[in-house]
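Throughout, read-outs are computed from the coordinates displayed, never taken from laboratory work. Keep in mind that what you see is a predicted model, and the values were worked out from it rather than measured. Heads up, the Cβs are rebuilt from the backbone with ideal geometry, glycines too, and the neighbour counts pull from every protein chain shown.
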Amino acid sequence: MAPAQNVFKEQVGAQNEFISDPSMRVIDMYGAGRDGANAPAQRFYFLIDPDGTLVWKNVTNQLIPVEALLDELTEVVQG
């Protein structure tokens with residue numbers, strides 16, 4: 001993970017995983033890019049199953065508090 005992501009993760013107390021994608025491969029796969037070649041990715045959340053299938057996403061570009069994220073994902077996983 002990029003150092004800036006580590007700092008951000010610590011500042012907000014995030015417990016979920018972040019990825020660093022300098023090749024923009026994953027960003028492009030899930031449409032998380034912004035216009036412009038040097039623009040950073042947006043803050044999107046994705047739940048991807050072991051087969052690579054997108055199960056859930058949040059594309060509001062807003063930080064989701066850990067408890068709210070866990071509640072929402074628990075509901076998705078339990079169906």
#### Entry: Residues GLN15 and VAL59, FRET efficiency given R0 of 22 Å [Cβ-Cβ distance, rounded to 0.05]
0.60
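Go ahead and run the numbers for FRET between ASP49 and ALA2, Cβ-Cβ distance against an R0 of 22 Å, rounding to 0.05. Intermediate results must be reported in sequence, preceding the final value.
Details: r = 25 Å, r/R0 = 1.15.
The formula returns an efficiency of 0.30 here.
Can you tell me the FRET efficiency between SER23 and VAL66 if r is taken as the Cβ-Cβ distance and R0 is 25 Å, rounded to the nearest 0.05?
On the way: r = 28 Å, r/R0 = 1.13.
Efficiency, from the Cβ-Cβ distance: 0.30.
Within the chain, report the trypsin sites (Lys or Arg not before Pro) that DSSP leaves as loop and that have at most 14 other Cβ atoms within 10 Å.
Within the chain, the qualifying trypsin sites (Lys or Arg not before Pro) (loop, at most 14 other Cβ atoms within 10 Å) are ARG34.
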### Query
Under Stokes-Einstein, with the Kirkwood radius over Cα pairs standing in for Rh, what whole-number D in µm²/s applies to the chain at 25 °C and 0.890 mPa s?
178 µm²/s
## Note on the structure
Sorted by chain and number, the residues with a modelled amide H under 5 Å from that of TRP56, at a separation of 5 or more or across chains, are LEU47
